[in-house]
Amino acid sequence: MAIGLLVGVFGYRCHGVREIVLISAHMMLSQPTRHIAFIGNHTPRRCGIATFTADICEAIAGEFPESSCFAGAINDRAEGYDYPPRVRFEIAQDDPGSYTRAAEFLHINNVEVVSVQHEFGIYGGSAGSNLLGFLEHLKKPVVTTLHTVLKTPDAAQREVMRRLDQLSERFVVMAERGQRLLVEEYGVDPMKIDLIPHGVIDMPFVDSNFYKDVFDAEGKTVLLTFGLLSPNKGIETVIEALPTILAENPKLVYLVVGATHPHLIATQGEAYRESLKTLAVRLGVSEQVVFHDRFVSVDELKEFIGGADIYLTPYRNEEQITSGTLAYTFGAGKAIVSTPYWHARELLAGDRGVLVPFADAPAIAAAVNELLEHPTRMTAMRKRAWKEGRNMVWSEVARRYMESFDRARAGLSVPAVAGMGQRSYPIPAVKLDHLFRMTDHTGIFQHAIYSVP
């Protein structure tokens with residue numbers, strides 16, 4: 001009798017561990033994720049991934065106030081950074097032991113899922129292989145967001161991707177091209193990939209003239225490029241296009257907003273920025289090119305984006321699969337002229353922007369002049385971008401990430417039964433001795449009889 005009632009309570013008789021695993025999976029699917037850790041660079045470190053880690057963490061904390069979200073930051077210098085309270089621990093980029101200690105910290109803090117921001121260059125070791133040591137020690141479900149997916153990886157990069165596939169319950173990519181590459185180039189199971197766009201600030205659709213007085217551009221057409229400055233941004237191509245643009249639109253200014261990338265500063269100083277200034281002087285457009293050499297706050301960024309008439313991304317690398325700056329301006333409903341790197345091709349499809357060839361100044365000039373000559377077309381383009389951008393605001397992105405986290409936790413629960421996970425953990429034998437001792441002859445669990453009143 002006692003055994004029969006115990007089976008009714010615990011759903012277990014003599015068929016091994018499968019029944020308990022299935023019950024665990026059901027419980028995880030019915031209970032939302034609460035305790036989440038984010039791993040990656042973090043502000044005030046100056047890079048796109050640092051900004052993304054901070055933004056997604058804050059977005060989930062805001063959208064799910066009952067959750068507990070904190071971050072672990074990757075340091076590229078011994079002194080670290082003056083991190084906000086959300087950063088609870090730090091990892092020294094080139095110290096393998098630091099990764100192991102971080103994994104133990106997450107175990108102690110009962111984290112339910114770990115969101116890893118991946119880029120080959122931000123973790124130490126060959127192609128960022130130090131991250132693998134962290135994941136190997138980590139007995140928690142992992143959702144890895146891939147900020148880069150290479151079409152032609154070298155041997156070290158391919159091996160890191162192979163191990164990431166083994167050690168991650170799920171991948172998140174921000175573009176369909178990344179999803180296809182994972183399946184076709186790296187053999188990743190398509191069922192473990194979530195396509196979630198880069199988050200954007202929820203900005204209203206406004207007239208750019210509302211903001212232009214903030215940077216002394218009243219009465220002028222404003223072209224904008226922002227982000228950390230480096231040669232792969234292709235800003236010299238826009239400067240080369242300016243004489244032709246100004247010939248038809250003389251009341252125009254080109255704003256280049258952002259500090260030089262810290263890694264470039266460390267190796268070359270401000271050589272690239274100075275070369276751009278020299279080029280502007282040589283072409284006679286130095287008065288129309290205005291550099292704002294600083295890492296701007298979110299509030300400042302809203303003003304710059306809001307005041308722009310046309311946003312330019314003349315990037316040189318076709319394989320750029322994610323651009324936060326492109327996403328932000330797209331979501332704000334800006335008219336965009338861009339080179340056809342992968343992220344731009346997808347976002348600007350359907351006449352939501354204009355694509356021009358790489359390193360082609362005449363094409364940029366023609367595209368800008370065409371838009372300015374046809375304001376009705378430009379407004380329609382802006383509206384299409386803004387409407388699509390409502391699916392990309394941070395609150396919506398946070399909800400989709402939480403769905404991915406829930407799926408990752410469920411997948412980890414049933415690896416041996418349904419093949420949903422990538423790792424299998426041994427389940428200890430079930431011991432019922434203590435239950436028999438606390439069950440009377442009728443089979444009733446008598447906690448009151450054997451306790452102290």
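The values are calculated or read from the model by the stated rules, or taken from the named source; none is laboratory data. Just so it is clear, the structure is predicted and the values come from calculations on it, not from any experiment. No Cβ is skipped: glycine too gets one built from the backbone with ideal geometry, and neighbour counts run over all protein chains shown. Just so you know, the surface numbers come from the protein's heavy atoms only, side chains and all, with ligands and any DNA or RNA stripped out. Shrake-Rupley method; radii C 1.70, N 1.55, O 1.52, S 1.80 Å.
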Which residues qualify? For L252, with a placed amide H closer than 5 Å and at least 5 residues away or on another chain, they are T221
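Rounded to the nearest 0.05, what FRET efficiency do K139 and A359 have when you use their Cβ-Cβ distance and R0 = 45 Å? Spell out each step's value before the answer.
Numbers: r = 48 Å, r/R0 = 1.07.
In this case the efficiency is close to 0.40.
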Heavy-atom accessible area of S68, protein chains in place, probe 1.4 angstrom, given in Å² to nearest 10, is 50
The alpha-carbon center of segment 178-196 and that of segment 43-62 are separated, in whole Å, by 24
Measure of exposure for Y328: accessible area at 1.4 Å probe, Å² rounded to 10, is 20
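Please label the shape of segment 276-405 as rounded, prolate or oblate, based on the square roots a ≥ b ≥ c of the eigenvalues of the alpha-carbon gyration tensor (a/c under 1.5 means rounded; beyond that, a/b larger than b/c means prolate, else oblate).
On the way: a/c = 1.70, a/b = 1.47, b/c = 1.16.
Judged from the Cα gyration tensor, segment 276-405 comes out prolate (a/c at least 1.5, a/b above b/c).
For a 28 Å ceiling on Cα separation, which of these pairs sit above it: K233/K383; K192/K233; K192/K302; K139/K192; K151/K383; K212/K233? Walk me through the numbers on the way to the answer.
Details: K233/K383 26 Å; K192/K233 32 Å; K192/K302 35 Å; K139/K192 18 Å; K151/K383 33 Å; K212/K233 24 Å.
Violating the 28 Å limit, Cα to Cα: K192/K233; K192/K302; K151/K383.
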